[in-house]
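The values are calculated or read from the model by the stated rules, or taken from the named source; none is laboratory data. Everything numeric here is computed off the predicted structure, so don't read it as measured data. For the accessible areas, the whole protein counts, side chains as well, though only heavy atoms, and no ligand, DNA or RNA atoms are used. Shrake-Rupley method; radii C 1.70, N 1.55, O 1.52, S 1.80 Å.
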Amino acid sequence: MIRIELPMPPSVNKMFANVPGKGRVRTKTYRAWSHEAGFMLVAQRNAGGKHKTIDGPVSVLVEAYRPANKKRDLDNILKALLDLLTNTSTIKDDSQVIELTARWVNSGPPCVLIVREAA
């Protein structure tokens with residue numbers, strides 16, 4: 001099991017922009033979050049020793065702190081989190097996720113990911 005505390009990811013609506021001649025590109029906000037969150041994930045994941053990429057089925061639990069004055073859709077943060085797991089070689093591909101549970105919490109870090117190898 002891996003437990004990772006991360007900053008709140010951007011909404012899927014703020015991850016990409018349409019740029020003439022280039023198509024869909026990552027926004028500055030998404031690039032900045034990916035960079036910071038990637039370093040945080042790798043540091044926490046490797047704290048007990050070097051991590052080997054999980055290449056089998058996984059179960060992922062997401063606990064996110066709901067901002068008091070913001071209306072957000074919980075499902076809009078999932079893509080960034082699953083892509084981060086793949087981009088940091090925590091898992092081989094997000095198609096390995098066979099179970100995904102997400103919930104708002106009233107206290108704690110902005111976002112917590114718990115990844116387990118599925119049986």
With every protein chain kept in place and ligands, DNA and RNA left out, what is the accessible area per residue of the stretch 1-84? Probe 1.4 Å, answer in Å². 62 Å²
Take every DSSP beta bridge whose two residues both sit in the chain, then give the antiparallel share in percent to the nearest 5. 65 percent
Fluctuation leader among ASN18, ASN87, ASN46 - the chain, Gaussian network, Cα springs under 10 angstrom: ASN18
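Which of rounded, prolate or oblate describes the chain when judged by the alpha-carbon gyration tensor and an a/c cut-off of 1.5?
Oblate is the answer for the chain, as a/c is 1.5 or above yet b/c matches or exceeds a/b.
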Please work out the Cα center distance from the stretch 43-103 to the stretch 23-38, rounded to the nearest Å. 16 Å
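Can you send over the carbon and sulfur percentage of the accessible area for the chain, probe radius 1.4 Å, protein chains only?
On the way: 3620 of 7230 Å².
In the chain, the share of accessible area belonging to carbon and sulfur is 50 percent.
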